[in-house]
Structures are given as structure tokens and as C-alpha cells.
1. Filter the trypsin sites (Lys or Arg not before Pro) in the stretch 72-170 down to the DSSP loop ones having no more than 12 other Cβ atoms within 10 Å, then list what survives.
2. Around residue 83, which amide H atoms from residues at least 5 apart in sequence, or from another chain, sit under 5 Å from its own amide H, with H modelled in the peptide plane?
3. Using θ = phi - 60° and the Karplus relation 6.51 cos²θ - 1.76 cosθ + 1.60, list the HN-Hα couplings for the stretch 145-160 in order, rounded to whole Hz, with x at every Gly or Pro.
4. With axes computed from alpha carbons, what is the tilt in degrees of helix 6-58 against the longest principal axis of the chain, rounded to the nearest 10 within 0 to 90?
5. Given the stretch 70-127, report the % of alpha carbon pairs whose separation exceeds 13 Å.
6. Would you mind checking the pairs 65/123; 65/135; 123/167; 56/140 and listing those with alpha carbons more than 18 angstrom apart?
7. As a test of the definition: which semi-axes, in Å, follow for the stretch 1-127 when you take the square root of five times each eigenvalue of its alpha carbon gyration tensor? Largest first, please.
8. Could you list the residues of the stretch 118-148 with an amide nitrogen less than 20 Å from a label point located 7 Å from the Cα of residue 100 in the Cα-to-C-beta direction?
Amino acid sequence: MKGLTLIEVLVTMLIFSIISLAILLSMTVAQRSFFMGDTETELREGLTRAISTIDKDLSQTRSTKINLNLGATSNTISFPIPADLNGDGTVIDAMGAVEWSTNITYSRNAANQLIRTFGGVNKIIATNIISLQFKRTQDKIIQVDITARKTATLGRQITDTEQLIVKMRN
């Protein structure tokens, strides 16, 4: 009769245990990477949307219409953009002057949301914003710095910062 000895069975169990542990550890690492990558992607997409929205609005205004003086820094900004107020299909009035909308305001609220306020309506542009700063570096240049932070599923905090330099109209 041929059979396995006790030592052969123990060695086989040890090898199986080592392989099982290696597989379990690699699955745990892969799961962590997946959840952290997902959080980083969400954070990046939110900041990209926010930067795009701010850029679109700020690039339409004039430097004389903004509430931020040269060299000044603020966590909120207000400005109008050209708008067809009289309904004639153009943003230029009968006198040749630009028609301006009511002010658009960007700010961060107590819930760490980037808010765009226009016409009395608040719209959430991004969430998890821990820092928002507007700085007028030159006459027609605004620098926007936004930092967001989010906790990943497994407890690690992910932080991302985005900077935008906007040139305003003449």
C-alpha cells in the first residue's frame, strides 16, 4: 500500500497556506488601489468641472467689473458677464455699450461646497472643497486656487489641488 506520510501532508498544507495568503494579500492591495483610484478620479473630475465653469464665466467679464482689486486675495468673487438684457439678440445696447448681467458670485459654503450664485439661485459646482482662493495678480489676470479633500472607502484621505489663471476681457 502506498500512501502519503504525515510530513508530506504537512508540507502540502504549508505550501497551500502560503499560496492562499499571497492571493488574499494581493486581492486586498488590489481592492485598496481600486477604491483609492476611484476616489482620486471623483475628486479630479469635480475640480475639473469647477475650474471649467469658473474659467467660462471669468473670461467673459471685464477687469473693471470684478470686485477684487489688483494684488488682493479673497475666498469669494463677484462679477457680471455680458447678457442680452433688452432681448434684441445682442449684448450691445442701442448706445453701443455692453449690457451686463446681475453679478455671478463664487464662494465656498460651510458644507465645503463650491457655490455659484446667479440671479438669486445657488448651484453647487463642486463638493469636498477645503480651500478656495481668488487672487488678482495683474490688471486683467485672476488666479484661482482650489483644494479638495475626500476620504477614500478604506479611510485614507485624498487631497487634490487645481490652479487656474484666467485672462479677462478688455
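1. Numbers: sites: 108, 116, 123, 135, 136, 140, 149, 150, 156, 167, 169; in loops: 140, 156.
Counting only loop positions with at most 12 other Cβ atoms within 10 Å, the trypsin sites (Lys or Arg not before Pro) in the stretch 72-170 are 156.
2. Those lying under 5 Å, H to H, from residue 83 are 99, 100, 101.
3. Working through the residues one at a time gives 10, 10, 10, 10, 9, 9, 8, 6, 3, 8, x, 7, 8, 10, 10, 9 Hz.
4. Around 0 degrees separate the two axes.
5. Details: 1105 of 1653 pairs.
In whole percent, the long-distance tail amounts to 67.
6. Values: 65/123 22 Å; 65/135 15 Å; 123/167 24 Å; 56/140 15 Å.
Table pairs above 18 Å Cα-Cα are 65/123; 123/167.
7. On the way: eigenvalues 848, 43, 23 Å².
Working through the eigenvalues yields semi-axes of 65, 15, 11 Å.
8. Answer for the stretch 118-148: 118-121, 134-143.
Here, each number is a calculation from the coordinates, and none is a lab measurement. The model shown is predicted, which means the values in this text are computed figures rather than measured ones. Positions of Cβ are backbone-derived with ideal geometry, glycine not excepted, and every protein chain shown enters the neighbour counts.
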